[in-house]
1. Is it the case that Glu36 is open to solvent by 60 Å² or more (accessible area, probe 1.4 Å) and modelled with pLDDT of 95 or more?
2. Where in the range 47-138 are there strands (runs of 3 or more DSSP E), lying fully within it, with 3 or more residues that are closer than 23 Å to Ala10 by Cβ, at pLDDT 90 or above and out of contact with any His (no Cβ under 8 Å at 6 or more places or on another chain)?
3. Report, by residue number, each residue of the range 20-40 that is touching a Lys or Arg at 6+ places or on another chain (Cβ under 9 Å) and more than 25 Å from Lys99 (Cα to Cα).
4. Could you list, in sequence order, all residues of the range 1-13 that are in contact with a strand residue (DSSP E or B) (Cβ under 7 Å, 6 or more places away or on another chain) and either among the aliphatic types (A, V, I, L, M) or open to solvent by 100 Å² or more (accessible area, probe 1.4 Å) (or both)?
Amino acid sequence: MIKFKKSIPALPVINISQAIEFYENKMGFKVRHREESFAIIVRDELEIHLWASCDKSWKYRSLLLFLKPVWSGAESFLAGTASCRVEVSDIDGLFKEYKTRDILHNENTIIREQYWGQRDFSISDLYGNLITFYEEMD
């Protein structure tokens, strides 16, 4: 019988070092693995992969796109285009922690009760990737 067991979000960032600093200092993650263009960060059971979306050459090919289209897969415009949902326990505690660290999506961010049975709130990382944290309602 097939059973899905785990998902690991892979988020595009422009600068791995700056992204790691944000995730460590603002979000409470630790680095498990690091390379120049890739990193694995963890907090409890959550693992996130960060990959460098730093190819800026597409800007200079814009007039010639019909001859050589954007194709590297690491174009800088990809940073900030990803999103994921992360299940947590004690969403109220996490919300308070992130509020004190000033990383909520905006000042009007609240924990919302969703009609599908979850409570959630969102943040944006340093590059604009959307991360929504949720907890199942009883």
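1. Details: open to solvent by 60 Å² or more (accessible area, probe 1.4 Å): yes; modelled with pLDDT of 95 or more: no.
When the stated conditions are applied, Glu36 does not pass them.
2. 83-87, 130-136
3. Residues of the range 20-40 touching a Lys or Arg at 6+ places or on another chain (Cβ under 9 Å): 20, 23-30, 39-40.
Correct list: Ala39 only.
4. Ile8, Ala10, Leu11, Val13
The values are calculated or read from the model by the stated rules, or taken from the named source; none is laboratory data. As the structure is a computational prediction, the values presented were derived from the model and not from experiment. As a convention, Cβ positions derive from the backbone with ideal geometry for all residues, glycine included, and neighbour counts pool all protein chains shown. Side chains included, ligands, DNA and RNA excluded: accessible areas come from the protein's heavy atoms. Shrake-Rupley method; radii C 1.70, N 1.55, O 1.52, S 1.80 Å.
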